[in-house]
Amino acid sequence: MLKTLRFESLKESHLEKILEIERVSHSAPWSEASFRAELTHPQSVFVVLIGDGEVIGYGGAWILIDEIHITNVAVHPDLRGQGLGRKIVLELLARGQERDASCATLEVRAGNDPALGLYRSMGFVEAGLRRKYYPDNKEDAVVMWLHELP
């Protein structure tokens, strides 16, 4: 059980651990260059979850006018199922509200039942399907919206 949890904004010092989690979490992982771009992207909101002094998860989003578009969420595999993904999404939504976002959207793999369940439980609704959305062209993405931030 984790004793301490805190969020930090993405820093270069987080990248090595984030890349490790990314590689074991996604079949089409983001590159190091993609994460580095988030360090200076003007619309980026990127948080790192620190548990007991270690990077254990992260989430990223872009603010587009009044919308927060969630781009990436991951928790270390050993720590999944403890509500940490929910904490990351809530932190992203709160930071989006600080930047005047009033709604949120994301895409999630159609076969990612745990993530779909999480987002539905948070009030996101399915709004469409993007066929063969991911770089491996093997899976569709479900487009989800949260029309009013909590």
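Listed by chain and number, the aspartates and glutamates placed with their C-alpha closer than 15 angstrom to that of Lys132 are Glu107, Asp140; residues fewer than eight positions away on the same chain are left out. In units of the rule-of-thumb radius 2.2 N^0.38 Å, segment 1-84 shows an alpha carbon radius of gyration of 1.07. With contacts taken as Cα pairs under 8 Å at a separation of at least 6 residues, the chain carries a relative contact order of 19 percent. A value for Rg and Dmax of the Cα atoms in Å was derived from the coordinates, and within the list (i) 17.1, 55; (ii) 22.7, 77; (iii) 14.6, 42 it appears as (iii). Ignoring lysines fewer than eight residues from Lys17 along the same chain, the ones with Cα atoms less than 21 angstrom from its Cα are Lys3, Lys87. Restricting the trypsin sites (Lys or Arg not before Pro) of segment 1-82 to loop positions (DSSP other than H, G, I, E, B) with no more than 13 neighbouring Cβ atoms within 10 Å leaves Lys3, Lys11.
Any idea of the accessible area per residue across the chain, 1.4 Å probe, to the nearest Å²? Result: 54 Å² per residue.
Between Thr71 and Gly60, Ala61, Trp62, the built amide H atoms are under 5 Å apart, and every one of these is 5 or more places off in sequence or on another chain. From helices alone, the chain scores -8500 deg cm²/dmol at 222 nm; the rule is -39500 (n - 2.57) for each run of n ≥ 4 DSSP H residues, then divide by the residue total. Protein heavy-atom surface of segment 73-150, 1.4 angstrom probe: 47% of the accessible area is carbon and sulfur, with nucleic acids and ligands not counted.
The values are calculated or read from the model by the stated rules, or taken from the named source; none is laboratory data. Computed from a prediction, not measured in an experiment: that's the story for all the values here. Note that we place each Cβ from the backbone using ideal geometry, even for glycine, and neighbour counts take in every protein chain shown. We work out accessible area using only protein heavy atoms, side chains counted, and drop any ligands, DNA or RNA first. Shrake-Rupley method; radii C 1.70, N 1.55, O 1.52, S 1.80 Å.
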